[in-house]
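The values are calculated or read from the model by the stated rules, or taken from the named source; none is laboratory data. Keep in mind it's a predicted model, so treat the numbers as computed, not measured. So basically every Cβ, Gly included, is an ideal-geometry build from the backbone, and we count neighbours across all protein chains shown. Heads up: the accessible areas ignore ligands, DNA and RNA and are worked out on the full protein's heavy atoms, side chains in. Shrake-Rupley method; radii C 1.70, N 1.55, O 1.52, S 1.80 Å.
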Amino acid sequence: MDRQRVRLRPFEESDLEAMATYRGDADVCRFLPFEPQSPDDIRRRNGHLMGGTSLEGERGGVMLVIEHDGTVIGDLVLFHLDIEAGSAEIGWVVSPAASGRGLATEAVRALIDTAFEVYGLRRLVAQIDADNARSVALAERLGLRREAHFVENEWFKGRWSDLLVYAVLDREWMSGDASGA
C-alpha cells in the first residue's frame with residue numbers, strides 16, 4: 001500500500017460518541033471483556049488512557065483511535081507493560097461498518113510498528129477468544145505466531161471460552177519474518 005488509508009491518533013473526549021456507536025453493539029462486544037458501552041462507560045473504563053502516551057505505571061497504556069476519511073472507525077490499545085521483559089499486550093476494537101477493506105489490518109500494523117519503533121518494545125502479545133474468527137484472522141494475516149491455545153480456561157459471558165495467545169518479536173517484525181512487515 002503506497003498511501004495509508006487510516007490515521008492513528010490519541011483518544012480524545014470528542015471521540016466518545018463515535019466509539020459508543022461500535023462499542024455499544026452487542027455483536028462487537030461478544031468477545032470483549034465488557035458489555036456494550038455508552039460514552040460514560042467508555043470514559044469510566046478508559047478515561048485514564050485519554051491522551052496518554054506512557055506505558056509505565058500500574059494504569060499505564062496507550063489508547064489510539066483509528067480514523068478513516070475523518071471518521072472514527074475503531075480503537076487500539078497497547079498496555080500491560082512488562083518493563084523487564086520489554087513486552088506489552090495489544091488489542092483492537094473495530095466497527096463492523098469498516099470491515100472487509102483491510103483497514104483494521106493497516107491500523108494494527110501501524111500500532112505494531114509504533115510499539116517496536118517508538119516504544120522500543122521487544123515482544124507483543126494479543127489474547128483472543130478462539131471463537132473470535134475475525135480477530136484470529138487479523139492476527140494471522142499480520143504474521144503473529146500462535147503460541148498457546150488454552151482450552152475452556154475461563155467462564156466468559158455464559159460459556160467456557162478458549163483463549164488463543166498470539167505474539168511477535170521485534171526482530172521478526174523488522175526482518176519481515178512476520179508477514180506484516
Using 1/(1 + (r/R0)^6) with R0 = 22 angstrom and r between the beta carbons of Asp131 and Ala85, what's the FRET efficiency to the nearest 0.05? 0.15
Any number yet on Rg/Rh for region 101-167, C-alpha, Kirkwood? 1.03
Say each of Trp155 and Arg9 gets a label point 7 Å from the Cα, pointing the same way as Cα to Cβ; how far apart are those two points in nm? 4.4 nm
What is the Cα centroid distance between region 1-67 and region 102-118, reported in whole angstrom? 15 Å
So how exposed is Thr53, as accessible area in Å² (1.4 Å probe, rounded to 10)? 90 Å²
State in Å² the accessible area per residue of region 100-181; use a 1.4 Å probe, count heavy atoms of protein chains only, and round to the nearest integer. 50 Å²
Within a Gaussian network of the chain (alpha carbon springs, distance under 10 Å), most fluctuating of Val108, Val28, Val65: Val28
What does the helix-only formula give at 222 nm for the chain: each DSSP H stretch with n ≥ 4 adding -39500 (n - 2.57), the total divided by the residues, and the result rounded to the nearest 500 deg cm²/dmol? -7500 deg cm²/dmol
Once you have all Cα-Cα distances for region 45-117, histogram them in 10 Å bins from zero and send the whole-percent values. 19, 50, 27, 5
Please compute the Kirkwood hydrodynamic radius over the chain, one decimal place, Å, based on all pairs of different Cα atoms. 16.7 Å
